[in-house]
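J.: Pasting in a structure now, in structure tokens, and then I'll have a few things to ask.
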Amino acid sequence: RDRLAAKITERHVPPPVWIKVAPDLDAAGIAGVALVALEEGVDAIVVGNTTVSRPESLRGDPAVIAEAGGLSGAPLKELSNRVLKEMYEATGGRIALVGVGGVASGADAYEKIRLGATLVQLYTALVYEGPKVARRVNEELAELLKRDGFVGVGQAVGVDTDVKRQ
């Protein structure tokens with residue numbers, strides 16, 4: 001890590017700046033983040049980290065559900081996907097987005113990519129399934145891309161949004 005920092009400093013290359021947003025943003029919050037990120041030259045936005053809300057679909061022990069703290073994984077997938085799509089549209093696809101929240105399969109990753117994610121993060125699935133989940137997700141994703149005629153991920157980014165691609 002120290003060598004990397006020294007190389008960056010030596011070459012006078014500023015480190016990339018990424019920001020992370022919760023999937024709890026409303027339309028005004030999304031627009032505000034997008035505007036500032038574009039104005040300030042943010043390199044990427046991580047969308048959908050954890051939510052403090054409790055989706056109605058959440059099932060389990062009411063005492064556990066009522067606990068304070070961030071919720072991750074499948075319960076926030078729909079919420080994070082909405083914010084991801086809206087952030088992609090608000091930025092016009094000009095900032096890399098990292099899709100986070102509820103990714104446990106190639107289909108989940110593909111959905112996030114089609115909604116604007118340039119990169120997709122696994123976390124909860126990794127905790128429950130271990131490192132092999134990454135290979136499975138990649139293999140499933142490759143099949144879906146091929147099925148739909150995409151040569152690579154970049155061709156699929158944002159295709160399910162209102163952003164016109166060039």
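The values are calculated or read from the model by the stated rules, or taken from the named source; none is laboratory data. This is a predicted model, so every value here is computed, not measured. Cβ placement follows ideal geometry from the backbone for every residue including glycine, while neighbour counts extend to all protein chains displayed. Keep in mind that these areas ignore ligands, DNA and RNA; they rest on the heavy atoms of the full protein, side chains included. Shrake-Rupley method; radii C 1.70, N 1.55, O 1.52, S 1.80 Å.
J.: Under 9 Å between Cβ atoms, which residue pairs at least 6 apart in sequence (or on different chains) link something in region 124-151 that is among the hydroxyl-bearing types (Ser, Thr, Tyr) with a partner that is not in a loop (DSSP other than H, G, I, E, B)?
T.: Thr124/Ala74
J.: Yes or no: Glu111 of a type outside the set (A, V, I, L, M) and modelled with pLDDT of 95 or more? Break it down into steps so the answer makes sense when it comes.
T.: On the way: of a type outside the set (A, V, I, L, M): yes; modelled with pLDDT of 95 or more: yes.
The answer is yes for Glu111.
J.: Determine, yes or no, whether Glu39 is within 18 Å of Arg94 (Cα to Cα), more than 20 Å from the chain's Cα centre (by Cα), at pLDDT 65 or above and not in a loop (DSSP other than H, G, I, E, B). Before the answer, list the steps.
T.: Details: within 18 Å of Arg94 (Cα to Cα): yes; more than 20 Å from the chain's Cα centre (by Cα): yes; at pLDDT 65 or above: yes; not in a loop (DSSP other than H, G, I, E, B): yes.
The answer is yes for Glu39.
J.: Collect the residues in region 88-123 that are within 14 Å of Asn49 (Cα to Cα) and hydrophobic (A, V, I, L, M, F, W, C), keeping them in residue-number order.
T.: Leu97, Val98, Val100, Val103, Ala117, Leu119, Val120, Leu122
J.: Could you list all residues from region 132-166 that are touching a Leu at 6+ places or on another chain (Cβ under 7 Å) and open to solvent by 60 Å² or more (accessible area, probe 1.4 Å)?
T.: Correct list: Asp160 only.
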